[in-house]
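Each remark here refers to the structure printed beneath this line.
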Amino acid sequence: MPTATPLRLCAALLLSFFLLPASPARAAEQSWKISGLPGGPAAELALDSDAGTLTLAAERHGARVLEPSPVGLVTERADLSQGLRFLHRSERVVTEHYTTTVGKRLKRSALMREATFAFENAVGARLDLVVRVAGDGVAYRYQWPGDHGPVLRETSAFTLRPDATAWLARHRRDYENPFVQYTAQSAPAADFMVPALFETGGGHLLIIESALDGGYSGPRLTHEEGTGTYRLQLWDQQVQAAGETPWRVLVMGDLATVTASTLVDDLAPDSEVRDTSWIRPGQVLWTWLAGGREAGQSLEIQKGYVDYAAQRGWPYVAVDAGWYFLRDQWDVTDPDWPTTSWMPQLVEYGRGKGVEILVWVHFRDLDTPEERALWLPTLNRWGVRGVKIDFMDAESQERLRWYDEILPATAANRLLVNFHGSTVPKGIHRTWPHVMTMEGVHGGEKRTLTTAHVTTLPFTRNVIGSMDYTPMAFHRPSRPTSDAHELGLAVTYESGLQNLAGTVESYEARPEAERFLEQVPTAWDETRLLSGRPADHVVLARRSGDRWFIGAGVSGAARTLDVPLSMLHGRWLVEVVRDGANGLVRESHVIDGPRDRLSVAVPAEGGYAAIACRRHAAITTCDR
């Protein structure tokens, strides 16, 4: 008899919960509790038998995280939000095993309990509510058999305790607004982006979605003034849906659980790319903030960037919008038109140095099948490794269908993808593993950054997937972070392609930053939050192989960051790069086992970056 694995044992234990009776219900209400792993969150679905309306609530450790909140759907020919009666319930255990090319953890396993509840309205139209409960959250989606016409709206809403702390960003079509702290009730009457983070008596709750594609429409949260209720509003007034919505996802737990969660990817469809051997994450010398359009139009300047990236061991150089404006000089009717660009020369030069080239392309030049058939194979023939596609600026169903077309086309041409002016990751890294990062963030290009926003991003936008914040703009006077805080963002922020935004001169003036950036990877085997609170501070550790990297930053006053290092067993050397009186300095700490702690004093708006390696007699540095 084969030995039972821990996952099989958990599945058996989880399945045993199916035998529990439904929760007692009031005379005018039926209710059902959906429990997950012991100690994890649970959901409760309730049907008001008089009105035929549904609500969903969630709890953790017996404390309410989400108050009873409406669920339901209205289509052109069926109101599936009221007048419902219960038909039946089915249940199963869902296990997921997969790997990703980028992210906070490359090897993933997930165990979820799924319960499907079937309802019908007075005229026999059917609505199925599929609920999944995992150790790190709850998710639900709607399914409906038959053709009921376009979806007009969802009645989905999320009700929090009025005094719940909230970190919200005003809705913007490219997701580039800062996160601001409110309470659930005091936030203004406005549209807000998902993800949205709340803190309640039962822990933290991050509202997001998964498995959004051209079969549906993008969401936003509309706050009802003076309440703790946030209603889901779709981009389109009518959605041509084929009987299913994306997942409405509630990541739940303590802050460490939320930060490390992979639930958004766990719910997404499996990979559409079989051969991923050509997909390689890595550091990128991104030259837009370093040299602008002028640098992008100069082959010689770009060769200089390639030389510097090769010295640092960075695998990529990104050529931004500047080169692209030269396309007006190309005669695309000439069969040899690609030879009129110097891009193939740069690719060949980079190849000789071990550096590959990524290029910026405007959405408008890839928005038809003919344009994609021209550009993507051409870039592939040139040897370009990837594309940064910009200015989609919408989550309409029409634009999401464009994503459905560009994703297989770029994969077929073996082009890595970085989306800017875009939506945010909603399981895309699992389904399309050549998508290395996405913008969708009020990032390093902005001149209105605050450290309160910077220290909120690890708990909001970056939870759901790779985030192209473009850190390391040491040369920009508008940057709110200290040098060491900025350096720590190479760890604090996860991005499969980490686009480093500084000038060559700013790196050369900071040799400790050069040394650290030569070593830090961009994809991880494990992620742990050591300490943090949104808009206050973050200390985040990520493991790659046998080494740990730590990024830390604070918002506000100087303080000492003292954190446990429980992941380090045995004797370790920890090299910390912190802010000194005259620039970045490096200091060494020896850690003896998991009970030891790391204590680092940081200045106002400061932080640090660190590498931890096993300490042996011959080891005096973590350099490799």
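The values are calculated or read from the model by the stated rules, or taken from the named source; none is laboratory data. Quantities reported herein were computed from a predicted structural model and do not represent experimental measurements. Cβ sites come from the backbone with ideal geometry, for glycine too, and all protein chains shown count toward neighbours. Please note that ligands, DNA and RNA were not included when accessible areas were found on the heavy atoms of the full protein model with its side chains. Shrake-Rupley method; radii C 1.70, N 1.55, O 1.52, S 1.80 Å.
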Open item on the list: Please compute, over every Cα-Cα pair in the stretch 379-435, the percentage with a separation greater than 16 angstrom.
Closed with: 41 percent
- [ ] Using only C-alpha positions, report the orientation-averaged shadow area of the convex hull of the chain, nm², one decimal.
- [x] 30.4 nm²
Open item on the list: Can you give the FRET efficiency to the nearest 0.05 for Glu508 and Ala189, using r as the Cβ-Cβ distance and R₀ = 60 Å?
Closed with: 0.75
Task: Loop-located trypsin sites (Lys or Arg not before Pro) in the stretch 441-510, at most 10 other Cβ atoms within 10 Å (DSSP) - done: Arg447
Open item on the list: Under a crude label model (7 Å from the Cα following the beta-carbon direction), how far is Ser109 from Gln311 in nanometres?
Closed with: 4.6 nm
Open item on the list: Once you place label points 7 Å from the Cα toward the Cβ at Arg85 and His569, how far apart are they in nm?
Closed with: 5.9 nm
Task: Calculated FRET efficiency for the pair Thr620/Ile301, C-beta based, R₀ 30 Å, to 0.05 - done: 0.20
Task: Shape of the stretch 217-277, Cα gyration tensor, a/c cut at 1.5 - done: oblate
Open item on the list: Under the 0.36 nm per residue contour assumption, what length would be gained going from the current alpha-carbon distance of Glu224 and Lys353 to full extension?
Closed with: 40.8 nm
Task: Surface share of carbon and sulfur [accessible, 1.4 angstrom probe, percent] for the chain - done: 49 percent
- [ ] Mind checking the stretch 431-491 for GluC sites (Glu not before Pro) that DSSP puts in a loop (not H, G, I, E or B) and that have at most 12 other Cβ atoms within 10 Å?
- [x] none
TODO: Filter the trypsin sites (Lys or Arg not before Pro) in the stretch 29-100 to those in DSSP coil with at most 15 other Cβ atoms within 10 Å of their Cβ, and list the result.
DONE: Arg77
Task: Accessible area (Å², per residue) of the stretch 58-182, counting only protein heavy atoms and a probe of 1.4 Å - done: 38 Å²
- [ ] Set the Förster distance to 60 Å, then compute FRET efficiency between Asp48 and Asn582 from the Cβ-Cβ distance, nearest 0.05.
- [x] 0.35
Task: Difference of contour (0.36 nm per residue) and Cα-Cα distance, Tyr182 to Ser531 - done: 123.5 nm
TODO: Enter the per residue convex hull volume of the stretch 475-624, computed from alpha-carbon coordinates, in Å³ rounded to the nearest integer.
DONE: 113 Å³
Open item on the list: Ranking request for peptides 198-207, 582-591, 537-546: highest mean number of other beta-carbon atoms within 10 Å first, then the rest in descending order.
Closed with: 198-207, 537-546, 582-591
Task: Listed residue pairs exceeding 29 Å between alpha carbons, taken from Lys107/Lys446; Lys104/Lys388; Lys107/Lys353; Lys33/Lys104 - done: Lys107/Lys446; Lys107/Lys353; Lys33/Lys104
Task: Stretchable slack from Ala409 to Val94, in nm (0.36 nm times residue separation minus alpha-carbon distance) - done: 110.3 nm
